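Take a look at the structure set out below.
The values are calculated or read from the model by the stated rules, or taken from the named source; none is laboratory data. This structure is a prediction, so every number in the text was calculated from the model and none was measured. We place every Cβ from the backbone using ideal geometry, glycine too, and count neighbours over all the protein chains shown. Side chains are part of the model used for accessible areas, which takes the heavy atoms of the whole protein and leaves out ligands, DNA and RNA. Shrake-Rupley method; radii C 1.70, N 1.55, O 1.52, S 1.80 Å.
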Amino acid sequence: MLVTDLDDTLLRRDKTISGYTLAVLRRCREAGIKTVIATGRGHPEVVAPLELFDGVIANNGANITDGDFKSQRYIPYAEARPLLLACHKHGLRIALNFKGTHYTNFDCSQVWPHITDFELVDLASHALDSEKICFEGLTPRDAEFVEQHLADNMYLKVARDGLGMVMHKKATKSAAIAELAERWGITRDEIVAFGDDLNDIDMLSFVGIGVAVENALDEVKAVADCICGDCDDDGVARWVENLYLWRVE
């Protein structure tokens with residue numbers, strides 16, 4: 001089973017995937033290797049051809065898809081409301097992800113131009129659950145504020161670009177990988193995963209072989225079993241072809 005993050009890992013910095021990488025992914029599937037996306041994105045189909053993947057883990061594990069099988073880990077609105085109101089009053093820019101729509105307290109298209117399916121809402125009366133709660137441009141002090149207002153069933157991850165992401169504690173990449181692996185009869189030792197950012201640490205630590213791309217954060221490299229090439233040099237695909245794929249073809 002091959003699991004990969006998208007941004008700055010499988011994707012190049014310009015958010016594209018090379019023809020070479022796509023060809024390696026096809027060879028993996030032809031060789032019987034299960035291929036899986038594990039991303040913080042809510043809409044990986046915007047940047048990745050989902051037909052080349054057997055499973056999709058989105059929103060850091062809040063959403064799992066394997067053909068007709070789907071699994072979700074939502075944050076109930078009643079439990080999120082105190083956090084949302086406190087952070088709104090604190091002046092933070094908030095976007096809630098739920099079933100393909102972003103519910104926000106700011107015009108998120110000014111920050112994320114690719115997001116057009118958003119709705120401005122009053123967080124005091126908005127009553128939908130969340131797959132992921134995003135905070136744009138968190139400073140370390142902001143992150144500390146968010147941490148202080150989390151309910152017991154939530155956790156915060158802050159990406160290298162300052163995007164804060166709050167998920168249900170059961171919504172992690174490693175837990176989602178474990179769920180898919182159990183469905184497919186695959187052991188942890190038979191899984192290799194690739195990542196670059198802080199939200200990849202738990203999955204790289206969980207799988208049999210955790211690989212950090214050369215451009216990964218130092219904290220991610222510290223937990224990885226090995227390092228592959230830079231994302232702009234097709235590091236994931238070159239590692240797979242040279243050190244993994246030949247064993248099963």
Item checked: Karplus-derived HN-Hα couplings along the range 159-167 (A = 6.51, B = -1.76, C = 1.60, θ = phi - 60°), whole Hz, x at Gly and Pro -> 7, 5, 8, x, 6, x, 10, 10, 10
Check: How far, in degrees from 0 to 90, does helix 19-30 lean away from the longest principal axis of the Cα atoms of the chain, to the nearest 10?
Finding: 70
Next item on the list: Quick one: net charge around THR104, please, counting Lys, Arg +1 and Asp, Glu -1 for every other residue with C-beta under 13 Å from its C-beta.
Entry: -3
Margin query: Kirkwood hydrodynamic radius, computed over distinct alpha-carbon pairs, for the range 57-114: how many Å, to one decimal?
Written below: 13.2
Check: Tell me, in nm to one decimal, what length is gained between LEU50 and GLU182 on full extension, where the rule is 0.36 nm per residue of separation less the Cα-Cα distance?
Finding: 45.4 nm
Check: For the chain, what proportion of DSSP beta bridges, expressed in % and rounded to the nearest 5, is antiparallel?
Finding: 55
Check: Karplus couplings for the range 126-141 from phi (6.51 cos²θ - 1.76 cosθ + 1.60, θ = phi - 60°), rounded to Hz, Gly and Pro as x?
Finding: 4, 9, 8, 5, 10, 7, 7, 10, 9, 10, 7, x, 6, 8, x, 5
Next item on the list: Between LEU128 and ASP218, with labels modelled 7 Å along Cα→Cβ, what's the label distance in nm to one decimal, could you check?
Entry: 4.1
Check: How far apart, in nm, are the 7 Å Cα→Cβ label points at ALA23 and LYS70?
Finding: 3.6
Next item on the list: Would you please give the FRET efficiency between LEU85 and TRP112, computed as 1/(1 + (r/R0)^6) with r the Cβ-Cβ distance and R0 = 22 Å, to the nearest 0.05?
Entry: 0.40
Next item on the list: Roll a 1.4 angstrom probe over the protein heavy atoms and tell me the percent of accessible area of the chain that is carbon or sulfur.
Entry: 49
Margin query: Can you compute 3J(HN,Hα) from phi for each residue in the range 32-44, using the Karplus curve 6.51 cos²θ - 1.76 cosθ + 1.60 with θ = phi - 60°, rounded to whole Hz and x for Gly and Pro?
Written below: x, 8, 6, 10, 9, 8, 10, 9, x, 5, x, 10, x
Notebook entry, point to check: Could you list log10 I(q)/I(0) for the range 4-66 at q = 0.15, 0.23 Å⁻¹, which the Debye formula gives when each Cα is one point scatterer?
Noted result: -0.41, -0.96
Next item on the list: Take the Cα radius of gyration of the chain and divide it by 2.2 N^0.38 Å, with N its residue count; two decimals is plenty.
Entry: 1.00
Notebook entry, point to check: Using the reciprocal of the averaged 1/r over all distinct C-alpha pairs, how large is the Kirkwood radius of the range 31-83 in Å?
Noted result: 12.3
Notebook entry, point to check: Can you pull the three principal axis extents for the Cα set of the range 90-191, in Å, largest first?
Noted result: 45, 30, 26
Note to self: For a quick size check, give me the Cα extents of the range 174-249 along its three principal axes, largest first, whole Å.
What the structure shows: 33, 30, 17
Next item on the list: Provide the three semi-axes, in whole Å and in decreasing order, of the ellipsoid equivalent to the range 4-148 as defined by the square roots of 5 times the Cα gyration tensor eigenvalues.
Entry: 32, 17, 13
Next item on the list: Would you work out the relative contact order for the range 102-218, in percent, from Cα pairs under 8 angstrom that are 6 or more residues apart?
Entry: 17
Next item on the list: First select every other residue whose beta carbon is under 12 angstrom from the beta carbon of LEU50; then total the charges, Lys and Arg +1, Asp and Glu -1.
Entry: -3
Note to self: Less than 20 Å apart at the alpha-carbon level, and either on another chain or at least 8 residues along: which lysines does that give for LYS132?
What the structure shows: LYS70, LYS89, LYS99, LYS157, LYS169, LYS170, LYS173
Check: In Å², what does the accessible area per residue of the range 57-119 work out to with a 1.4 Å probe?
Finding: 48
Checklist line | Computed over the chain: relative contact order in percent, which uses C-alpha pairs under 8 Å that are six or more apart | finding: 20
